[in-house]
Ligand code: ADP
Ligand code: ASP
Ligand code: MG
């Protein structure tokens, strides 16, 4: 018997019938003698619906009030799930984030969990109850409701699992594990039996929304065994683990992530002298805009072109800042493009294998796809391409690296 934290995402609790299904699954785990803490998301589409209503009132809702609004989605599902559990004869109690003291900082809409007082949860477990906690929300030191950023219920689950020292944190969703790439884009994608925290962190930060990046960070930091599974069918899912040293022959590439969330800006013909990068990047940072990829080229005439990407929602603001800077810096021109996509290959095996980049670039060239930017780290290579080539590029790379086929068992060194 062990303590297990289970998280059910929006689709898994999207209808009353599905909520009853989830309750049945929880009861089965209870019958096997496990203590169960459940974290639920809002019903699918609900968080978007609430956001849309807020935007109909004002284009820039007050962040504190937005969190009061968005947190209501999860309050609905905790209550409904407990009702379903009661009907099945399973003792259960629901709690909002504030009620179980999920203490966060005060960064509304993107708060970070600081601590969890797990006493209340333990008390209920000792009484034989299933504890159902609202995901995605917490409370700051002044008692304000906060939310953890989109997809934040994953993080609530991992944080609770860490605080309770749970045997496993199970993330139930609408796919039966982590795949080599999004199975909705590449039907040949295959489920991974295992993936390392490090790789999953890259996959999440580069666009795979199957797990929120903070959840993976947290699980890695506190050593929480994390598993992604389907809430619709039985199976082993994907285990996210520490890198195994003896696993020498592991796959070079474990997955392909992508996103359409970025935009590219270039300032052309700025004088190539000390301080130029700082004079460009400084004002962008002051406007709270995060940069992702950065490239600087040196032209033959002593001038340089400076290109970077930002989140697409910051594109207009960044373009305005750059246009203003252009005059001060004596730049020739400013260019922008918000119809780009980023495709990334991820794999710890890249550390010990050469030639990955050339295979990648060749596969894209064979499809006539032009690469606009490149960036690399020890375990990933990212390229920026025109967004109309996103699907084609991901499929071409998936097949060039032989990622399709039967279920891959990383521990057997395929
Ligand atoms: P939930 O509502 O359960 O949190 P999400 O929609 O947040 O579910 O995440 C699951 C989705 O993530 C899948 O439906 C799938 O389309 C997408 N996804 C993206 N990349 C991957 C991947 N590499 N493996 C599995 N799913 C992925
Ligand atoms: N309901 C929130 C969202 O849609 C949190 C979550 O589902 O994890 O982002
Ligand atoms: Mg999610």
Length-normalised contact order of the stretch 105-247 in % [C-alpha pairs under 8 Å, at least 6 apart]: 24 percent
Calculated [θ] (222 nm, deg cm²/dmol) that DSSP helices of n ≥ 4 give over the chain, each run adding -39,500 (n - 2.57): -10500 deg cm²/dmol
Rel. contact order, % - alpha carbon contacts under 8 angstrom, at least six apart, the stretch 113-187: 24 percent
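According to the Cα gyration tensor, what semi-axes, each the square root of 5 times an eigenvalue, does the equivalent ellipsoid of the stretch 214-307 have, listed from largest to smallest in whole Å?
Working: eigenvalues 366, 60, 42 Å².
That gives 43, 17, 15 Å for the three semi-axes.
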On Cα atoms only, tilt of 153-164 relative to the major axis of the chain in degrees: 60 degrees
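Given the peptides 284-293, 254-263, 343-352, arrange them by the average over their residues of other C-beta atoms within 10 Å, most packed first.
Numbers: 284-293: 14.4, 254-263: 22.8, 343-352: 21.3.
Highest mean packing first, the order is 254-263, 343-352, 284-293.
Can you tell me the relative contact order of the chain? Whole percent, Cα pairs under 8 Å, sequence separation 6 or more. Don't skip to the answer; put the middle values down first.
Working: 898 pairs, mean separation 58.6, N = 414.
Reported as a whole number, the value is 14 percent.
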At R0 = 25 Å, FRET efficiency that the Cβ-Cβ distance of residue 24 and residue 2 yields, to 0.05: 0.80
Förster radius 45 Å - calculated FRET efficiency between residue 399 and residue 114 (Cβ-Cβ, nearest 0.05): 0.50
Solution diffusion estimate, µm²/s, Stokes-Einstein, the stretch 322-385, Kirkwood Rh from C-alpha pairs, 25 °C, viscosity 0.890 mPa s: 175 µm²/s
The stretch 79-221 - convex hull of the alpha-carbon atoms, volume per residue in Å³: 131 Å³
Cα centroid separation, the stretch 296-322 to the stretch 161-221 (Å): 33 Å
Cβ-based exposure ranking for 82, 169, 90, in which fewest neighbours within 10 Å come first: 90, 82, 169
Shape of the stretch 32-115, Cα gyration tensor, a/c cut at 1.5: oblate
Order of 168, 234 under a 10 Å beta carbon neighbour criterion, fewest first: 234, 168
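Give me the mean projected area, in nm² to one decimal, of the convex hull enclosing the Cα positions of the chain. Don't jump to the answer; show the numbers that get you there.
Details: hull surface 89.4 nm².
Over all viewing directions, the chain projects a mean Cα-hull area of 22.3 nm².
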Base-10 log of normalised Debye intensity for the stretch 272-365 (one unit scatterer per alpha-carbon) at q = 0.16, 0.19 Å⁻¹: -0.82, -0.98
Fluctuation leader among 391, 367, 56 - the chain, Gaussian network, Cα springs under 10 angstrom: 56
Rounded if a/c under 1.5, otherwise prolate or oblate - the stretch 156-278, Cα gyration tensor axes: prolate
In nm, spacing of pseudo-spin labels at residue 365 and residue 48 (7 Å Cα→C-beta vector): 3.9 nm
Sorted largest first, extent of the stretch 1-68 alpha carbons per principal axis (Å): 50, 24, 11
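A short reminder: the numbers here are calculations on the coordinates, not readings from a lab. Remember, it's a predicted structure, so these values are computed and weren't measured experimentally. Don't worry about glycine lacking a Cβ; one is built from the backbone with ideal geometry, like all the others, and counts go over all protein chains shown.
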